[in-house]
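Worksheet: the structure to be examined is printed underneath.
The values are calculated or read from the model by the stated rules, or taken from the named source; none is laboratory data. Note that the structure is predicted; figures quoted are calculated from it, not measured. FYI the Cβ positions are ideal-geometry reconstructions off the backbone, even for glycines, and counts take in every protein chain you see. Accessible surface areas use protein heavy atoms only, side chains included; no ligands, DNA or RNA. Shrake-Rupley method; radii C 1.70, N 1.55, O 1.52, S 1.80 Å.
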Amino acid sequence: MNQPADIEIRHVTKCYSRGGQTLRVLDELDMQMAGGTFYALMGPSGSGKTTLLNLVGGLDTADQGEVVIAGENIAQLSSGQLARWRANNVGFVFQGFNLLPVLTARENVELPLLLAPINRRQRRAQAERALELVGLSDRMNHKPSELSGGQEQRVAIARAIATAPSVILADEPTGDLDRVTADQVLELLQLLNQQLKKTILMVTHDPRAASFADKIVHLDKGKLGRIDDNPTRPATAGR
Amino acid sequence: MALVPFRYNLRSLWVRRSSTLLTMCAIGATVAVLAGMLSLQQGFATMFAESGRDDLAIFLRNGATSEGESGMTREQTELIKKETREISLAADGKPLAAAEMYLAVRRRKVTGGETNVAMRGVEPMTFQVHGDALQINAGRIPIPGSDELIIGQDLVERIADCKIGDTLVINVTPFKIVGTFRGKGGYQSEIWGDLDRLGEALQRPVRSRVIAKIAPNTDLAAIEARYSEDKRVQPKVQTERSYLQSQTQVLSITFTVLGIFLSAIMGLAAVFTGTNAMLSLVSSRTHEIGILLSLGFRPFAVFLAFQMEALLLGTLGGILGCLMVLPFQGAQTGTMNQTFSEVVFAFRTTPSVMLIAILFASLLGLFGGALPAVRAARLRPTEALRRG
C-alpha cells in the first residue's frame, strides 16, 4: 500500500470496563480523513484520541462499527491478520519512543522489515536509508541509551517509515522533547507527509505541535467535534 | 511467519545477567545431581561391562544368579573342565579352565569400620585363563598350595593388612601378602589365594564356579542344553561379559532410579525457579512485548521468542551443571555390589551423561518458560504498551 490511504471511521463505538463501570470512550463516531493529509487529533483527556489512534492502527478492535483504511475494513480482521496488516500498512511513533533498548538504532529500524519478504541485504539497505532520511546515518550502531531523546524519536520515525507504510500514526510524539527538538521531529513528520504523501494522524495536546498539521480534528466525549483546516501551518522548506 | 531476532533474546539475557546467572545456577544444581548419579551408574556399569569378555565362559550351579549363591563339588567342577570339549587347550594340552571359590568376608578398612571384601580361591590355571588381562604389578603369584595371597590394587589403600609383607588372618589362619595385581573391573577389588588353602581357612569346601576360555563363536546354550541331560552336573553357562552385566543390574537401576527421583524433586523446584524468573522477565519486558506486537510480530512469534530464551537459559544451566560434576571425573569411590562385597569404581561423566543432563536442563527451561511465554503472547498490544 504505497498510495495515499483514505481513512474512514463508520459508527465506531468502543467501551472499556473500569472498576465495574463501562466507559463509552468512542460513541458511534463517524469521520473521514483524506489520504496524504497530515491530521492532528486534539481534545481533552478521555475524549478518545488514543483509542481512535489504536483502532486506526489495528492495535485494538472496535466493539461496533467499521474502520476502513484504503478501502479495507480492518475491524473484520482476526488478531493474526491484524498483525500482518499492521506490519504492511502502518508505522507507529509513540511518545516514549518505544525502541528496544538492547538493539542498536539500525536493528530497531530493521525490526518491522523482518516481517517483509526481503533478504538481509535489502533489509539492511532499507533501514540505513530510513536512518539517513531522518539524519541519523552516523548513529546507526548506537543503542537507544546512547542517543538523545530527539535522536531516539527520529529512530522511531525511521522505524515507522522503513516499510514504506501509507499511514503513520503518532501518539504525542513530542511529549517528551524540548521545544527545539520537538520542532525538528514535527518538521520531519511534515516532510514525510509532503514528500512521501504519507497519511499522518497525530494525537497531541499541544496546539503548537498541532499547528504543523494540515487539519486539526477535535474530539469530545468520544464524538467528533469538528475538523478545522489549519491556516497557520508553517511551510517546511526553509524552517 | 517472521521470528523475533535471536540476538534480541541473547542481549536481553546478557543485560539481565544477574538474574540469568541465578536461574542458570538453580537449573545447573539440579542437573548436577542427575549428572552425578548417572556418572556413578556409568562408572559402575562400565567397570564390569568393559571388563567382561566374550571368550570366557562362566559355569555356575544351575539356578544361581551369582558366585555367592553358587556351589559345586570338586568332582563336578573337574567334570566340567574335562568333559566340556568347547574349552580351549593350553600349550601342555590341559583345558584352559579353573575352578574358583568365592566368598565375601568382613575386613577392617584403613579408614576405620568394616566392609565386605571378596575373596577368591583360584587355581594356577586361573592366571592362564585370564592371560594378559591380569597382571601382577608388585610381588609375585602365590605358590600353589601355600598360605599366600595377592591383593587387587584397588584394595591396597582401602583395606587393613593388605600391603605386601603384611599378614592377613582369615579366621585363625595367617596368610602372607606376596603381591598385588591389576585386572579389569571388579577383580581389582578382590583378594586371591590358593583354592584349597582359602577354602580350608574359610571352611568352605565347595567351588563357586568354573571359568574357562572357549573357542570363538561357541554356542553356550548348546553346552547348557547338553549338560541338562547329565545327571552328574547341570551348570548354568554364560559368557563373562553377560555374567558381569547381570551383576551390576540392580545397582545400576538403583543409581538411575535414585538420580531420576532426586532430579524430579529438584527439577520441580528448578521449574518453579525458572517459571518465576521468566515471569519476572516477561513482566519487566511487557512494554517491549507491546512494541513487538504493535510492529506486526504475531503472538506466536512472541511466544517462540520467550520459549527460545527459556530454552537457552535451560541449556546454559545444563552446561553449568555438567561443569559442576566434571571436576569429579575419574574420582574413585566404593560400594557394595550384588554379592555384598566392596567394589571400587570411578565416577564417569561420559558424553552421553552430559547429553542427557543438558537435554534434561533444556526441558526444565522449556517447562519453566511455557507459562510466561503464553502470558507474553496473550498480551494485547495496547495493554502491553500501557503497562510499560
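Data table
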{"quantity": "Residue that is nearest to the chain's Cα centre (by Cα), among those in segment A:83-97 that are assigned to a helix (DSSP H, G or I) and at the interface with chain B (Cβ under 7 Å from one of its Cβ atoms)", "calculated": "A:86"}
{"quantity": "Within segment A:147-161, considering residues that are within 14 Å of chain B (Cβ to nearest Cβ) and either open to solvent by 10 Å² or more (accessible area, probe 1.4 Å) or of a type in the set (D, E, K, R) (or both), the one farthest from the chain's Cα centre (by Cα)", "calculated": "A:152"}
{"quantity": "Segment B:65-83, residues that are in a loop (DSSP other than H, G, I, E, B), over 22 Å from residue B:200 (Cβ atoms) and in contact with a strand residue (DSSP E or B) (Cβ under 7 Å, 6 or more places away or on another chain)", "calculated": "none"}
{"quantity": "Members of segment B:89-137 found to be in contact with a Lys or Arg (Cβ under 6 Å, 6 or more places away or on another chain), closer than 17 Å to residue B:58 by Cβ and either open to solvent by less than 30 Å² (accessible area, probe 1.4 Å) or basic (Lys, Arg) (or both), listed by number", "calculated": "B:96, B:97, B:99, B:100, B:101, B:102, B:129"}
{"quantity": "Given (1) within 12 Å of chain B (Cβ to nearest Cβ); (2) surrounded by fewer than 20 Cβ atoms within 10 Å (Cβ to Cβ); (3) under 17 Å from the mean Cα position of the chain (by Cα); (4) not hydroxyl-bearing (Ser, Thr, Tyr), number of the condition residue A:80 does not satisfy", "calculated": "(3)"}
{"quantity": "Qualifying residue in segment A:45-53 (condition: open to solvent by 10 Å² or more (accessible area, probe 1.4 Å), under 20 Å from residue A:92 (Cβ atoms) and charged (D, E, K, R))", "calculated": "yes"}
{"quantity": "Test: residue in segment A:107-117 that is under 30 Å from residue A:17 (Cα atoms), within 13 Å of another protein chain (Cβ to nearest Cβ) and open to solvent by 70 Å² or more (accessible area, probe 1.4 Å)", "calculated": "no"}
{"quantity": "Test: residue in segment A:54-68 that is surrounded by 18 or more Cβ atoms within 10 Å (Cβ to Cβ), within 14 Å of another protein chain (Cβ to nearest Cβ), under 18 Å from residue A:154 (Cα atoms) and of a type in the set (A, V, I, L, M)", "calculated": "no"}
{"quantity": "Residue check, residue B:254 in the same structural domain as residue B:356 (by TED's automatic domain parsing) and in contact with a Leu (Cβ under 8 Å, 6 or more places away or on another chain)", "calculated": "no"}
{"quantity": "Options A:180, A:185, A:167: the member that is β-branched (Val, Ile, Thr), open to solvent by 40 Å² or more (accessible area, probe 1.4 Å), away from chain B (no Cβ under 11 Å) and over 28 Å from residue B:12 (Cα atoms)", "calculated": "A:180"}
{"quantity": "Residue match in segment B:5-19 (condition: among the hydrophobic types (A, V, I, L, M, F, W, C), in contact (Cβ under 8 Å) with a residue 12 or more places away in the chain and crowded, with 23+ Cβ neighbours inside 10 Å)", "calculated": "no"}
{"quantity": "Residue in segment B:277-293 that is in a helix (DSSP H, G or I), of a type outside the set (S, T, N, Q), outside the structural domain of residue B:170 (by TED's automatic domain parsing) and under 27 Å from the mean Cα position of the chain (by Cα) present", "calculated": "no"}
{"quantity": "Evaluation of residue B:268 against (1) open to solvent by 70 Å² or more (accessible area, probe 1.4 Å); (2) without any contact (Cβ under 8 Å) to a residue 24 or more places away in the chain; (3) closer than 29 Å to residue B:103 by Cβ (one fails), failing number", "calculated": "(3)"}
{"quantity": "Pick from segment B:187-208, criterion closer than 12 Å to residue B:155 by Cα and open to solvent by less than 10 Å² (accessible area, probe 1.4 Å), ranking: modelled with the lowest pLDDT", "calculated": "B:189"}
